[in-house]
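Asker: First, the structure itself, so that you have it in front of you.
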Amino acid sequence: MSENSARSVTVERTSTGHFVATNTRGGTISFGTGSDSEFTPVELLLAALGGCTAVDVDLATSRHAEPDAFSIEVSGNKINDELGNRLTDLAVTFAVTFADGEGADRARAILPRAVKTSHDRLCTVSRTVEIGTPVTATVEDA
């Protein structure tokens with residue numbers, strides 16, 4: 001694995017049920033159990049799915065025209081079955097509009113292909129979820 005391929009965040013507990021994730025560039029995001037307005041880990045996963053593909057689609061379409069509206073709804077059902085807690089029926093739905101004009105027509109025309117390419121090849125988050133990459137959990141020696 002090259003240095004450029006490694007990704008990591010550090011999660012620190014700030015109080016009971018509240019945490020802050022910090023990336024290697026110093027950015028932070030707080031989250032928790034859902035007892036207040038903070039995102040939960042499940043909501044962060046949904047945001048990561050939508051955000052990853054949003055970046056891909058925005059880069060592909062906005063080089064032709066700036067969108068009038070660009071939003072994505074990401075949803076799923078949280079279940080608990082013989083496999084444990086998990087999400088099913090994950091769906092990413094784009095609502096993107098462009099004004100009239102030649103560039104906007106090109107952006108509209110490539111939108112479906114950009115969404116498909118992101119989903120099928122480019123979005124690291126959705127590709128990881130769909131392929132089912134194993135996760136290892138360990139405890140460091142004290």
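The values are calculated or read from the model by the stated rules, or taken from the named source; none is laboratory data. All of these numbers come straight from a predicted model, not from anything done at the bench. Virtual Cβ from ideal backbone geometry, glycine too; neighbours counted across all protein chains shown. Keep in mind that these areas ignore ligands, DNA and RNA; they rest on the heavy atoms of the full protein, side chains included. Shrake-Rupley method; radii C 1.70, N 1.55, O 1.52, S 1.80 Å.
Asker: If you place +1 on the Cβ of every Lys and Arg, -1 on the Cβ of every Asp and Glu, and leave all else neutral, what size is the dipole of the range 1-120 about its Cα centre, to the nearest 20 Debye?
Answerer: Magnitude of the dipole: close to 300 debye.
Asker: Once all Cα-Cα distances of the range 1-76 are split into 5 Å bins that start at 0, what whole-number percent is in each one?
Answerer: Calculated P(r), rounded to whole percents: 3, 12, 17, 18, 17, 16, 11, 5, 1, 0.
Asker: What whole-number value in Å² describes the accessible area per residue of the range 46-97 for a 1.4 Å probe?
Answerer: About 60 Å² of surface per residue is accessible.
Asker: Looking at the calculated P(r) for the range 29-109, what percent of the C-alpha pair distances fall above 19 Å?
Answerer: Value for the range 29-109 (Cα pairs over 19 Å): 52 percent.
Asker: Averaging the inverse of every distinct alpha carbon separation and then flipping it gives the Kirkwood radius. What is it for the range 65-142, in angstrom units?
Answerer: Computed over Cα pairs of the range 65-142, the Kirkwood hydrodynamic radius comes out at 15.7 Å.
Asker: Quick check: net charge around Gly32, other residues with Cβ under 14 Å of its Cβ, Lys/Arg +1 and Asp/Glu -1?
Answerer: Here the charged neighbours net out to -3.
Asker: Just add up the charged neighbours of Val74: K/R +1, D/E -1, any other residue whose Cβ is under 12 Å from the Cβ of Val74.
Answerer: With Lys, Arg at +1 and Asp, Glu at -1, the net is -3.
Asker: Mean Kyte-Doolittle hydropathy of 1.0 or higher plus an axial Cα length of 15 Å or more: which whole DSSP H helices in the chain meet both?
Answerer: Counting only whole DSSP H runs, the qualifying helices are 41-62.
Asker: Something else about it: Taking the Cα centroid of the range 114-140 and of the range 44-87, what is the distance between the two, rounded to the nearest whole Å?
Answerer: Cα centroid to Cα centroid, the span is 12 Å.
Asker: Let me ask something else about it. Could you tally the net charge around Arg121, taking each other residue with its Cβ under 14 Å from the Cβ of Arg121, Lys/Arg +1 and Asp/Glu -1?
Answerer: Around Arg121, the surrounding residues sum to 0.
Asker: State the antiparallel share, in %, of DSSP beta bridges confined to the chain, rounding to the nearest 5.
Answerer: 95 percent
Asker: Right, next: Give me the one-decimal Kirkwood hydrodynamic radius in Å for the chain, with the sum taken over alpha-carbon pairs.
Answerer: So the Kirkwood estimate lands at 17.7 Å.
Asker: Please report, as a whole percent, how much of the solvent-accessible surface of the chain comes from carbon and sulfur atoms (probe radius 1.4 Å).
Answerer: 53 percent
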